[in-house]
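S.K.: The structure that follows is given in the form of structure tokens.
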Amino acid sequence: MRCPHCGFEDSKVIDSRDNGETVQRRRRCERCSDRFTTVERIVLNELMLVKRDGRREPFSREKLESGLRHACQKRPIAVGQLEAIVRDIENELYKLGKAEIESSTVGELAMERLRRIDAIAYIRFASVYRSYPNLRAMRQEMDRLLEDVAEEDAASGEHGANGKSARNEKGRPRSG
Ligand SMILES: [Zn+2]
């Protein structure tokens, strides 16, 4: 990286900041001591999905997003939340650093995230994606989900329902 001031090729990194998706490096030119910043980011290659039947198709962010959107229809999930999930999955996929990825990996990543935000959306997505062989299999999945939800509720629940213990404030009769 040439110094923008004098064109010299060597610079010293004096500070670097990792922002997750990018790394910024503060550099100092070895000749003129001018300071400048460089940004490093991963170049996304085209990612191929390997489908169950062995066919390949390029990973499509739009396709993933529309699948998720269908599952989330009329659920209390913000558009921003969905976009964040898509971004998150995409990052995860590229982090794997492979040119080809089983399409099932994408589905699993999506389900994992949906499960955390909305059980109904999760079941919808899973029912399309996993294509449960029968009602029983689907029911088992729901039972597991219900157990998890119950556990989470118990863990994050309010500290007991002491609804009946409403104090009656006795105003002391004052004589005077
Ligand atoms: Zn310089």
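Bear in mind these aren't lab numbers, they're just calculated from the coordinates by the rules spelled out. Remember, it's a predicted structure, so these values are computed and weren't measured experimentally. Methodologically, a virtual Cβ is constructed for each residue, glycine included, from the backbone with ideal geometry; neighbour enumeration extends over all protein chains shown.
S.K.: What number of residues within region 1-44 satisfy the criterion of being under 30 Å from residue 99 (Cβ atoms), part of a strand (DSSP E or B) and either within 16 Å of the ligand (Cβ to nearest atom) or in contact with a Cys (Cβ under 9 Å, 6 or more places away or on another chain) (or both)?
M.R.: 2
S.K.: Conditions first: (1) surrounded by 11 or more Cβ atoms within 10 Å (Cβ to Cβ); (2) within 16 Å of the ligand (Cβ to nearest atom). Residue 83 passes all but one, so which condition is the exception?
M.R.: Checking residue 83 against (1) surrounded by 11 or more Cβ atoms within 10 Å (Cβ to Cβ); (2) within 16 Å of the ligand (Cβ to nearest atom), the one that fails is (2).
S.K.: Further, regarding this structure: Only one of (1) assigned to a strand (DSSP E or B); (2) away from the ligand (no atom under 16 Å from the Cβ); (3) surrounded by 12 or more Cβ atoms within 10 Å (Cβ to Cβ) fails for residue 67. Which number is that?
M.R.: In the conditions (1) assigned to a strand (DSSP E or B); (2) away from the ligand (no atom under 16 Å from the Cβ); (3) surrounded by 12 or more Cβ atoms within 10 Å (Cβ to Cβ), residue 67 misses (1) alone.
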